[in-house]
Every structure is written in structure tokens, then in C-alpha cells.
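Comments concern the structure below.
The values are calculated or read from the model by the stated rules, or taken from the named source; none is laboratory data. Owing to the predicted nature of the structure, the values given are computational and were not obtained by experimental measurement. All Cβ positions, glycine included, derive from the backbone under ideal geometry; neighbour counts span all protein chains shown. Remember, those area values only see protein heavy atoms, side chains included, never the ligands or the DNA or RNA. Shrake-Rupley method; radii C 1.70, N 1.55, O 1.52, S 1.80 Å.
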Amino acid sequence: MSVQEVETRVLRPERFEEVLPPERYAEFAAAMQRARELFEGRRVWNINSTASGGGVAEMLRSLLAYCQGIGVDARWLVIGGNPDFFRITKRIHNFLHGSEGDGGELGDAERRIYEETIDEGASELVSMVAAKDVVLVHDPQPAGLVARLKEKGASVIWRCHVGLDLPTDVARQAWQFLLPYVTQADSLVFSRREFAWEGVDGSKIDIIRPSIDAFSAKNQELDGDAVSAILAVAGLLDGEAKSAPTFHREDGSPAQVQRTADYIEGGDAPKPDDRLVLQVSRWDRLKDPVGVIRGFAEHVAPQVDDVHLVVAGPDVEAVADDPEGAEVVLESIAAWESLDSDVKARVHLASLPMDDGEENAAIVNALQRRADVVVQKSLAEGFGLTVAEAMWKARPVVASKIGGIQDQIEDGVTGLLVQDPKDLEEYGGDVADLLQNAQRATEIGKRAQNRVRDEFLGPRHLTEYLRLIERRHL
């Protein structure tokens, strides 16, 4: 197991005064002062398995930068592993969502591979941590490090970003595999109360919902000219850019999108006047890109003749901890190939460049702002940050009523919830309704943006972690 430290930047937390109501900002300012005092002479470490390509990495990149801006020494370590290790941890990930994934087991052989991989790099990693430090261990991949970190004397929080509302036998298998490792932590943090596992000491459970960064390249304000230019340069919309494809990096410096995306399938890019339905996520069966394609083809395209679907995800070669990504791309291509020729021309599968994480984020930002409707038709979801991202941009969202999505969307008020994620007719009908009722879509989008401002930005997230650490005397 290799260990890599990810460079964390410094961002001014005072910038949130621009977007938060005065009373919320005052609460955050008080929390910042307490954090400076609590962590004087201490470090906060975060450990996960990828520096890019997923919601956890995105949150860490911004939250740790604001910690540095507050004056807290926040560090980020990423563990590597061999293909067998990531095959097992992907299986655990699927099981935690209630999905059988590759159909494999989590037995003695898998535990041996998991523990041997963890042990290979544990000494190097633990040597970097001091006894007075606080360590947040994220998700299944590094869970086996908890005991070693506790032996060092550090305070350890295990953060589970995935789960399901109603436990299944397959989920319980993942719990039993991980329980010997995670129960040794001082706190186990879940995104929802319903995600908390059986067999865990209830006094150790804490609930903290994820957040987005309003100022990141993925969520910062972009005017219409910048949106069009970014998508034109990236090859996602037909035509030439009429202005500079400019965005701002996290440090405030201006930058331009230079790399192009790859339309894996879908023919010519949509034209500037075409309406767009968008789903953007990792290439994961639980995100159900095949269902998104079929539901659009069967229930949206026949009703709305000027709308295109874009299903976008990261270049799979850049996401090291997800070995199934390439398979899901192939399955999505097969679904596209099965469509009638007239619908094929309106369905596009896009692979987004990952060479520059902030450039990738700017492209996603432009796609979401250009979309008329954003969908997240997942079959299982821990939280679904793409939902909050689209809501922040005042986009109407159609998403499955599962996991943390239902904590974000008030059905019919700040978005539309598909009651059964496998019901393609319901999904397609909701999308078509928003496309055919512009006033309703606009009103939903405005209310969605206000909800994210109130509930799902970084200051609330950081304040809740501080309260946890204070309450548990870590």
C-alpha cells in the first residue's frame, strides 16, 4: 500500500460572508475562532483512496483548504493498492449500497488480501501522525488503519459516505467485514441516521450531511458567455467559442478550459439552441446510466422533439479506485447502440478530461448551468453531491428518492423525486413535465438554490465536525 500526501491549499473562509445570511455567518465566525484555539499545536489528518474523481475527494479538497484558511493544520493522505485490493473494496462499496456488484464473496481470502495490503503501508502512514492529532478515515478502503492509529494515541473518526435506508443481507455482509476495524474508532459518522449499521455502539454514532463549495471551479458563478465558450472549446456543444472559456481557480487566479471532452458515442454535438437533459456522475452501475438512456429514449424524446440527453462521466483511466468504470462505459455504449436512429442522434455519452481537476470541474459547472433539467437517477446513493451542485445553480432536478437525495429535495418544491428508481416511465414523465412547463421549472430552481444556501454549504459542514470533536473531547 503506497501513501501519498495531497497538497492542501489555503482559502479564505471569510468569503462565505458574501453568500450566507448574517446570523449564519456570525455562527460560522464564532466556530472558526474556537477551532483555532482547539487545534493549536495539533493536526487534522484525512485518509481516503483517491485524490480525484469522486465526491469525497471534491469535499476534502475544499474543506481542508478552508481549514488551512482558519488556521487549522489539515492534511490529506491517499492510500494506493493493487488491483485485488480495489476489486475487494469496490465489492464492499457495492454491498454497502445493497448491490451484489460482481457477485463475489467477502470471506477469509478477501480479508487476507485486504489486511495484507493495509499492513504494507501502515507503518509509514502511522509514523506521520502524532498522539494528539485527530484523524478522519474515509470509507472502506483505509478502514483497516483505525486500530493502528488508535495504538498511536490519535483520536480517530471513521466517516462512511455510503449506505442504504433499509438494510439487506448483502449490506450486512459488508458490515460484518468492516466492523472489526471501524468499531475501534472514537466516532462513526454517517450521512443519514438510517445509514447507521446494526452491531455498532449507538453512543459512537454521529450524523453529518455532506456539502458543496460555492466558490469552487465546479460551483462558482459563470455567465452565459463563459458557459457557451467552455462547452464549445470542450467539444460538448457545436460551434466556435465567441468569448474566452474562462473560469477561476480555487486560489482566485483566472484560467481557461483548453482540453476537449470525448463524445464516446452520440454523433454530432448538440447545437447551441438545443435543450439539454444532463446526468453527470462516475461511470457506476448504481448511477444507472443505462436506465437514464432508456428512460429518455422511451419517455422523453417522443414528447419533446428539441431536447438532447448528455450522460457525462470522468475519463475512467483517471479513477484508480473504481475498476468497474470501463465496463459501465461499454454497457452504456451498448444501450445507445440499441436505440432507433432518430433518437441516437439526441443521446450523447461524454468522457470528461481529468488531467486538470479544476478544468474538469469548470466543464461540469458549465454543463450543469447549460442544462434545462439535471437528473440523478441513481439506484443507490450515499448523498448525491451532483444534486446539490445543480440545485445551487438554480437548475430543476429530477432524482431518485433514495439515500441523501431525499434530504436535499423536497418533492415538488425544490425538485422532483422519482419514487421508484427503476420506474423509467415515472422518471421520463417528470423530466418531460419540467421541459414542457418552463415557469414551474424556474420556480423549483430558485427554491432549490435557497435550500442549498441554507443547508448544504461548507460552513455548516465544518461547524458540525467541530461540534463533534468538542462534544467527544477528541
key: Exposed GluC sites (Glu not before Pro) absent - longest run of the chain, DSSP non-H/G/I/E/B, at most 14 other C-beta within 10 Å   = 241-409
inquiry  = Give me the net charge for the shell around L424: Cβ to Cβ below 13 angstrom, other residues only, Lys and Arg +1, Asp and Glu -1.
reply    = -4
remark   = Judged on accessible area alone, 1.4 Å probe, highest first, S62, S203 line up as S203, S62
key: Mean separation of Cα contacts under 8 Å, 6 or more apart, over the residue count of the chain: relative contact order %   = 15
remark   = Taking the alpha-carbon centre of each part, the distance from the stretch 388-458 to the stretch 46-98 in Å is 27
remark   = Taking placed amide H atoms and a strict 5 Å upper bound, the residues 5 or more places from D139 or on another chain that come that close are R159, C160, H161
query = List the lysines whose alpha-carbon lies under 28 Å from that of K242, not counting same-chain residues fewer than 8 positions away?
reply = K218, K271, K393
request  = Quickly estimate the mean residue ellipticity at 222 nm for the chain, helices only: each DSSP H run with n ≥ 4 gives -39500 (n - 2.57), and the total goes over all residues, rounded to 500.
outcome  = -13000 deg cm²/dmol
key: Per-residue ³J(HN,Hα) for the stretch 91-106, Karplus 6.51 cos²θ - 1.76 cosθ + 1.60, θ = phi - 60°, Hz, x for Gly and Pro   = 4, 4, 4, 5, 4, 4, 8, x, 9, 6, x, 7, x, x, 10, 10
note = Taking a crude spin-label model, label points 7 Å out from Cα along the C-beta direction, the R34 to E327 distance in nm is 4.6
ask   = Which cross-chain or sequence-distant (5 or more) residues have an amide H under 5 Å from the amide H of G382, H modelled 1.01 Å from N in plane?
value = G163
request  = With the full set of protein chains in place, find how many percent of the accessible area of the stretch 388-442 is carbon and sulfur; take the probe as 1.4 Å.
outcome  = 40
query = Using the alpha-carbon atoms, what tilt in degrees (0 to 90, nearest 10) does helix 325-337 show relative to the longest principal axis of the chain?
reply = 20
inquiry  = If I model a spin label as a point 7 Å beyond the Cα along the Cα-Cβ vector, how far apart are those points for Q419 and D274 in nm?
reply    = 3.4
ask   = What is the calculated FRET efficiency for D305 to Q256, with r their C-beta to C-beta distance and R₀ = 30 Å, to the nearest 0.05?
value = 0.30
task = Kindly report the accessible area of the stretch 356-395 per residue (heavy atoms of protein chains, probe 1.4 Å, no ligands, DNA or RNA), in Å².
result = 15
The stretch 185-275 - accessible surface per residue (Å², probe 1.4 Å) = 46
Rounded if a/c under 1.5, otherwise prolate or oblate - the stretch 381-436, Cα gyration tensor axes = oblate
remark   = Karplus-derived 3J(HN,Hα) from phi for the stretch 268-280 (6.51 cos²θ - 1.76 cosθ + 1.60, θ = phi - 60°), whole Hz, x at Gly and Pro, runs 5, 5, x, 7, x, 8, 5, 7, 10, 10, 10, 10, 10
inquiry  = To test your reading of the geometry: what angle, between 0 and 90 degrees and rounded to tens, separates the Cα axis of helix 22-38 from the longest principal axis of the chain?
reply    = 30
inquiry  = Give me a comma-separated list of calculated 3J(HN,Hα) values for the stretch 365-380, in order, Karplus coefficients 6.51, -1.76, 1.60 applied at θ = phi - 60°, integers in Hz, x for any Gly or Pro.
reply    = 4, 5, 4, 5, 6, 7, 5, 7, 9, 9, 10, 9, 8, 5, 8, 8
key: Centre separation in Å (Cα based) which lies between the stretch 278-352 and the stretch 115-159   = 38
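Take the residue pairs K90/K132; K90/K287; K344/K377; K152/K204 and return only those whose Cα atoms are more than 23 Å apart.
In this structure, K90/K132 lie more than 23 Å apart at Cα.
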note = Listed by chain and number, the residues whose amide H is under 5 Å from that of A394, excluding neighbours fewer than 5 places away on the same chain and using placed H, are Q449
request  = Counting only C-alpha contacts under 8 Å and six or more residues apart, can you give the relative contact order of the stretch 21-103 as a whole percent?
outcome  = 29
